[in-house]
Structure formats: C-alpha cells, structure tokens
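Chemist: Below is the structure I would like to discuss, written out as structure tokens.
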Ligand SMILES: Cc1ncc(C[n+]2csc(CCOP(=O)(O)OP(=O)(O)O)c2C)c(N)n1
Ligand SMILES: [Mg+2]
C-alpha cells in the first residue's frame, strides 16, 4: 500500500481505554487515517471498523505493517509500543504523541509535538482544531488492505493440517464470541492467532502479558477477570507449555471458585501441539537453527481428562470439523470448560513482513535436519501461497 507524498495521512498505535474509542474513531475518520493497535490495546477500538488495521508488530498484520511503512504522519495515543522497526522509519513521518505519563514522551520515536494528558480529554480539545481531509485515497487504500488481509486470514484458517489447523481454532471462535466477553491470551504461538484471527467488537475486553510476554498468564488472568466481572463470560487462549507450567494448577483454583461467578462460563482453550512452538519457530526463523527436540517437545497430556478429574468439563478435539461445535458447547455450558485442541505444530506464524531472508532461514533450518522438516515446509508454503492468490496480498 502506498500513499502519495501529498496525501495527508495519520496512523497510530493506541493503548487508550475503551472509553476513548469514540474520540479515536472521530479523529481517524476526520483525517482519513487508519488505526493500528498495540496488542495490549486490542480492545480499545472495534476490529470491525473498516480502517482498523489490527495489531502492529511481529504478531501484527500486514496492513498495519504497510501503513506504518508508508504513512507520512504518526499520531501515537497512550502507547509504549517499543518495536521501532514496526514504526515509520525515523525522519520519514512527522509525529505527534499523546500520553498521560510524561516518562513515555519521546521514548519510542522523535515526536515533534508532545501532549501530556488524558487521551480522551486531549483528543476532545484536538478535534475542533482538525480540518477534515478531503483526499480519501489513502483511507480507501487502508480499507482495501484490511479487507484483503481478512480474506487471506480466512483462507489460511481453512487450510487442512494434521490434525487441526491452529489458526482455524482462533478463527472459529471469533464470530461466536458472546457480547461482553473477556479474553485472555497466554504467550506462545496462540498469541499470534489471537492477534490476527480474533476480532473484538463492542465492549469486549482482552488482555495478555503485553510487556513481559511471560508464559503462564492466560489462566490466572482469566480467573482475575472473573473476579472483577463475575457476570461476563471469559475465555483463556493458552498453549500446552503454559498449561504444564502453571495453567493446570490454576484450573484447581477455577474449580474452587467457580460457584462465586454469576455467569458460569470460563473457557480454557488449549492449543495442544506437544511443543514450545513459538520458540521453535523463533529458532527456525531467526537463527536458522533446527528445532532441538529435547528442549522443545512436550508430553501429550490430556487437558480435558484432567479437567474432568477435578469436576470441570473437558472436551478433546482431534478433528477440524469438531472445532466449531466444541466452542459452541463450551460457550453454552453451565460451568467452566477446558477445550483440548490437538493442533498441528508445523503451521508457521509468518511475520507481517515475511522477508525472503526469514523464509530462507526457515528453509536452512530444515536442511540442517529438523525432525518435522517435511510437514513444516509443506504447511509453510501452503500458508504463504494464500497471500498470492487472487484477491490476496501481493506485497
Ligand atoms: C516464563 C517464560 N518462559 C519462557 C518464555 C519463552 N517462551 C515464549 S513462548 C514459549 C513457548 C510457549 O509454548 P506453549 O505454551 O506450548 O505455546 P505454543 O507456542 O506451543 O503455542 C516460550 C518458551 C516466556 N515467554 N516466558
Ligand atoms: Mg505448545
């Protein structure tokens, strides 16, 4: 996606509270800008708005990446998003920052105008000073990129895998999410699928370990969310490594406190891929190192059977066609449910910029004797191919 130099454009990651959504949307519409969100701010603005490009960063979307790359102006609202390689190149965009914390001012980008204040109050004072940008070509391009990305994501999620495509698990949840749902995501490959496939809307809330990216946050965050809002359904998206680290023990707390919650629904969805998969991919993509099975592989534990053993409901899902029904059953249940999705570890979380270097590094890891080489290569190419299909992302 390209903007002409003459096009006045704005893009910004945001970590404002949902209460600021109306002002953020008004500014975007006035300026003909797109909005990218740091992961911790995913619930600030609805993913259903056509100009919301989704998450930004390594776990982000291609439209966010392109918008940051090509914009001529950056407005950052309440964000400490630190990865400057996913912001506009220094000196390329003129930048304005709004943050309530003066320590954040100028930390991540050379901002020309720094406004210390509450996001909503500051935007309210800013809005009357803005003129509507009549040139809508940049805005239209953003919206077209978002639409194209959604189609690519749908196709990726619909690919077959062995046995269940992990992207399909997240994609199937998204349209079923109840209003007022609260979602927590652990740190692992499923964080990618949460970032890219789960579309938040209305007053849904979501959180994860945004700064530390620690494993093990998913289930305890969900328990905390239930205590904060016992009348809202909660869904935790968790890897099997995190379950083995502490999530299974946390289920005992779920069993203990479940009767204190007015809305009984707490769903713990496990991506059971028998692997510390996010790191396996980091090793493959960044270092070109083959996956080292003794440190990466995990025992196949029945999370569903464990749930049943402590009085919760457990459902093991081994076939793609069972995924949607399992989500529906869990979201209609009268108590906490553990969904044990047996997913394929060879589906790659391709980064939003997917350079040839990274593809080559992946390939070289495979040549060096990765145990899953064949399956990985097949799945990676299948996924990448989706971006080049008609209507797909050509960039
Ligand atoms: C406490 C902690 N230890 C290690 C890491 C590094 N790390 C990030 S993701 C990951 C693998 C997570 O495995 P799993 O929970 O099975 O999820 P998957 O990536 O397989 O979906 C590891 C080891 C971390 N972020 N936090
Ligand atoms: Mg795993």
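One line per residue, one yes/no per condition, for (1) closer than 22 Å to residue 44 by Cα; (2) touching a residue at least 60 places away in the same chain (Cβ under 8 Å); (3) not assigned by TED's automatic domain parsing to the domain that holds residue 47:
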site: 127; (1), (2), (3): yes, yes, no
site: 162; (1), (2), (3): no, yes, yes
site: 165; (1), (2), (3): no, yes, yes
site: 186; (1), (2), (3): yes, yes, yes
site: 206; (1), (2), (3): yes, yes, yes
site: 210; (1), (2), (3): yes, yes, yes
site: 225; (1), (2), (3): yes, no, yes
site: 229; (1), (2), (3): yes, no, yes
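Chemist: Exactly one condition in (1) farther than 14 Å from residue 335 by Cα; (2) away from ligand 2 (no atom under 16 Å from the Cβ); (3) surrounded by fewer than 21 Cβ atoms within 10 Å (Cβ to Cβ); (4) at pLDDT 95 or above is not met by residue 221; state its number.
Modeler: That leaves (3) as the condition not met.
Chemist: Quick test for you: out of 183, 142, pick the one residue that is surrounded by 17 or more Cβ atoms within 10 Å (Cβ to Cβ) and either in a helix (DSSP H, G or I) or at positive phi (or both).
Modeler: Details: 183 fails: either in a helix (DSSP H, G or I) or at positive phi (or both).
Testing whether each residue is surrounded by 17 or more Cβ atoms within 10 Å (Cβ to Cβ) and either in a helix (DSSP H, G or I) or at positive phi (or both) leaves just 142.
Chemist: Now for a separate question. Count, please, the residues in the range 249-277 that happen to be away from ligand 1 (no atom under 12 Å from the Cβ) and touching a residue at least 24 places away in the same chain (Cβ under 8 Å). Steps first, answer last, please.
Modeler: The first filter runs over the range 249-277 and keeps only residues away from ligand 1 (no atom under 12 Å from the Cβ), leaving 249-268.
So of that shortlist, the ones also touching a residue at least 24 places away in the same chain (Cβ under 8 Å) come out as 250-255, 257-258, 260-268.
Matching residues across the range 249-277 total 17.
Chemist: A follow-up question, please. Give the residue, chosen from 225, 242, 304, that is within 17 Å of residue 343 (Cβ to Cβ) and more than 14 Å from ligand 1 (Cβ to nearest atom). Outline the logic, then answer.
Modeler: Working: 225 fails: within 17 Å of residue 343 (Cβ to Cβ); 242 fails: more than 14 Å from ligand 1 (Cβ to nearest atom).
Of 225, 242, 304, the one residue that is within 17 Å of residue 343 (Cβ to Cβ) and more than 14 Å from ligand 1 (Cβ to nearest atom) is 304.
Chemist: Anything in the range 229-239 that is within 30 Å of residue 294 (Cβ to Cβ) and either more than 9 Å from ligand 1 (Cβ to nearest atom) or over 19 Å from the mean Cα position of the chain (by Cα) (or both)? List them, or say none. Outline the logic, then answer.
Modeler: So the first thing to find is which residues in the range 229-239 are within 30 Å of residue 294 (Cβ to Cβ), and the list is 236-239.
236, 237, listed by residue number.
Chemist: To continue, here is another question. Mind checking which residues of the range 313-337 are farther than 19 Å from residue 258 by Cβ and not in a helix (DSSP H, G or I)? Walk me through how you get there before you give the answer.
Modeler: Filtering the range 313-337 for residues farther than 19 Å from residue 258 by Cβ gives 316-328.
The answer is 316, 317, 318, 319.
Here is a yes/no grid of residues against (1) farther than 20 Å from residue 145 by Cα; (2) in a helix (DSSP H, G or I); (3) at pLDDT 95 or above; (4) out of contact with any strand residue (DSSP E or B) (no Cβ under 8 Å at 6 or more places or on another chain):
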position	(1), (2), (3), (4)
20	yes, yes, no, no
30	no, yes, yes, yes
48	no, no, yes, yes
54	no, no, yes, no
59	no, no, no, yes
63	no, yes, no, no
67	no, yes, yes, no
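Chemist: Let me ask something else about it. In the range 145-166, what residues are within 16 Å of ligand 2 (Cβ to nearest atom) and assigned to a helix (DSSP H, G or I)? Can you show your working first?
Modeler: Filtering the range 145-166 for residues within 16 Å of ligand 2 (Cβ to nearest atom) gives 161-166.
The one that is within 16 Å of ligand 2 (Cβ to nearest atom) and assigned to a helix (DSSP H, G or I): 166.
Chemist: Let me ask something additional. Looking only at the range 261-287, filter to residues that are in contact with a strand residue (DSSP E or B) (Cβ under 8 Å, 6 or more places away or on another chain) and assigned to a helix (DSSP H, G or I); which one of those is surrounded by the fewest Cβ atoms within 10 Å (Cβ to Cβ)?
Modeler: It comes out as 278.
Chemist: Looking at 213, 242, can you tell me which residue is within 16 Å of ligand 2 (Cβ to nearest atom), surrounded by fewer than 16 Cβ atoms within 10 Å (Cβ to Cβ) and over 16 Å from residue 313 (Cβ atoms)? Lay out the reasoning, then the answer.
Modeler: Values: 242 fails: surrounded by fewer than 16 Cβ atoms within 10 Å (Cβ to Cβ).
Residue meeting the stated conditions: 213.
The values are calculated or read from the model by the stated rules, or taken from the named source; none is laboratory data. Computed from a prediction, not measured in an experiment: that's the story for all the values here. Heads up, the Cβs are rebuilt from the backbone with ideal geometry, glycines too, and the neighbour counts pull from every protein chain shown.
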